[in-house]
Amino acid sequence: MADQTVYVQTMGCDKNTVDSENMVGGLLQQGYTLTDEPSEASLIIVNTCCFIEAAKKQSIEVIFDLLPYRTQPEENCQTFVVAGCMAQRYAEELKAELPEVDYFIGVNQIDDLPDIIQNQADAKIYTSAEIRTESEKRYVRKGQITEYLKISEGCDNHCTYCAIPNIRGRHRSRSPEVIIKEAQTLYDSGVRELILVAQNLTQYGSDLDGDMDLADLLDELAGRIPFTWIRLLYMYPEGIDAKLLDVINAHDNICHYFDMPIQHTEDEVLHRMGRRIDKKEIYGKVNLIREKCPDAVLRTTVIAGFPGESEAQFNAMLETLNDLKFERLGAFAYSQEEGTPVAEMPDQIDDAVKEERVRQIYERQEAISTNWNTRWIDQEMTVLIDEIDENGIAIGRTRGDAPEIDGDVIIETSQPEPGHFYRVKIVDAIGFDLIGEVINESTK
């Protein structure tokens, strides 16, 4: 068994996935090999998430599930690391509760992890406030077709319910040169769907010298590197403007997919949330996108049960969502996060009420999505095959679907190859998903 073998468990969002790939890349440069089996690992890393209470619980559960590989003498693990957001925010508390953990490494010292491990540092906690945005150590698995590229870090919005600025710090854009270089490396490794991510994608460039913004970055990226699909996630709606839409229209490889979290529709609630947009502006942005990009697929997220949200405000949001008709939507029950202003607000709403409101949102949304999907029956679409499941059924996505959060295209009648693009005829629609049949060979 290898002396230097690492197992990484990543929790939470795709931005954490990028951080884990940077950690692994640095370790591989120091002679480690990567394993998918924790029992084989001399080093185990749990890259944690603490965005909401449920994410904290999941991270803790995974830590406890994996710790026996470190504590049992017959096991191979010699070093156990808790990294990421929980380590950044709760390192002292975790150290007291989990003495078996060797190191707690926060989000700002991810790149230092290989040296900390290599040097067997004495300190257990590494949560520097020094902020960095550049890394050139990233590891990408062989055959990976879809990858995320983080173009900025942190957030300046300070929404009253969100702890991210306390964890990841202020907004910092990565330099366009480094982004283009990393994108080229991903393309050269075989990636064909590039997904740009940040806490707030549309804020990109606001802190850089010169006039560079998201539209300029996209124009250069899409023009220089021939990805099949470039997808944008986490675009705050107030930053979506005509210039950005013109660039998206100018490049065939940029998906007309707009992930724009609005969180609510009612002005009073939006104000308490600390959001920088109101209902009128939300309508304006949606109308602008649909005017400029008639084939656009719009996705949003909303929070149900925000403190003080009345029944009337919730019902008004339901009606507004029904009117706006986002093709894709995620709904979440408000989570009371310590250290955020709204956690101390009065009029906290009962969990059962919050969950019922989430259920009602999804019930309405299923009807909207079903109506959208049925229009594609008997039409042809380009589909990227993500996997073949245990029953031999191919699961894929269209340009209008992001991985893991949106619907699937299900193909039962042939065996397309994962990681390839196919022309598919849609024959049926079931809820959020489409049923299709391959009509030609892979386009890539």
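The values are calculated or read from the model by the stated rules, or taken from the named source; none is laboratory data. As the structure is a computational prediction, the values presented were derived from the model and not from experiment. Glycine gets a Cβ as well: all are built from the backbone with ideal geometry, and neighbour counts include every protein chain shown.
Results, tabulated for the structure shown:
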read-out: Set I230, I240: member being more than 16 Å from K150 (Cα to Cα) and modelled with pLDDT of 95 or more; value: I240
read-out: Check on A163, at pLDDT below 90, out of contact with any strand residue (DSSP E or B) (no Cβ under 6 Å at 6 or more places or on another chain), more than 24 Å from L384 (Cβ to Cβ) and buried (at least 16 other Cβ atoms within 10 Å of the Cβ); value: yes
read-out: Unique match (being in the same structural domain as A343 (by TED's automatic domain parsing), more than 21 Å from T340 (Cβ to Cβ), crowded, with 21+ Cβ neighbours inside 10 Å and not charged (D, E, K, R)) among I262, I303, I248; value: I248
read-out: Within region 366-444, strands (runs of 3 or more DSSP E) holding 2 or more residues that are surrounded by fewer than 20 Cβ atoms within 10 Å (Cβ to Cβ); value: 380-388, 421-430, 433-438
read-out: Residue tally, condition surrounded by 20 or more Cβ atoms within 10 Å (Cβ to Cβ) and either modelled with pLDDT under 95 or among the acidic types (D, E) (or both), over region 278-295; value: 0
read-out: Answer residue from region 253-312, given it is part of a strand (DSSP E or B) and free of Cβ contacts under 8 Å to residues at least 60 places away in the same chain and is nearest to V353 (Cα to Cα) among those; value: A304
read-out: Among residues of region 342-365, those that are touching a Pro at 6+ places or on another chain (Cβ under 6 Å) and either more than 16 Å from G308 (Cα to Cα) or surrounded by fewer than 14 Cβ atoms within 10 Å (Cβ to Cβ) (or both), counted; value: 1
read-out: When residues of region 47-91 are limited to those that are under 22 Å from the mean Cα position of the chain (by Cα) and among the acidic types (D, E), the one nearest to M11 (Cα to Cα); value: E61
read-out: Subset of region 2-14 [touching a strand residue (DSSP E or B) at 6+ places or on another chain (Cβ under 6 Å) and at pLDDT 85 or above]; value: T5, V6, Y7, V8, Q9, T10, M11
read-out: Near pairs, Cβ below 8 angstrom, 6+ apart or cross-chain, from region 155-180 (without any contact (Cβ under 8 Å) to a residue 12 or more places away in the chain) to any residue that is assigned to a loop (DSSP other than H, G, I, E, B) and surrounded by 16 or more Cβ atoms within 10 Å (Cβ to Cβ); value: P165/G154; P165/C155; P165/N157
read-out: Exclusive hit being on the phi > 0 side of the Ramachandran plot, within 21 Å of the chain's Cα centre (by Cα) and not acidic (D, E), set G239, G205, G274, G210; value: G205
read-out: Matching residues, region 56-76, being in contact with a strand residue (DSSP E or B) (Cβ under 8 Å, 6 or more places away or on another chain) and touching a residue at least 40 places away in the same chain (Cβ under 8 Å); value: S59, V62, L66, N76
read-out: Top-ranked residue in region 2-33 [being out of contact with any helix residue (DSSP H, G or I) (no Cβ under 6 Å at 6 or more places or on another chain) and among the hydrophobic types (A, V, I, L, M, F, W, C); ranked as farthest from F104 (Cα to Cα)]; value: A2
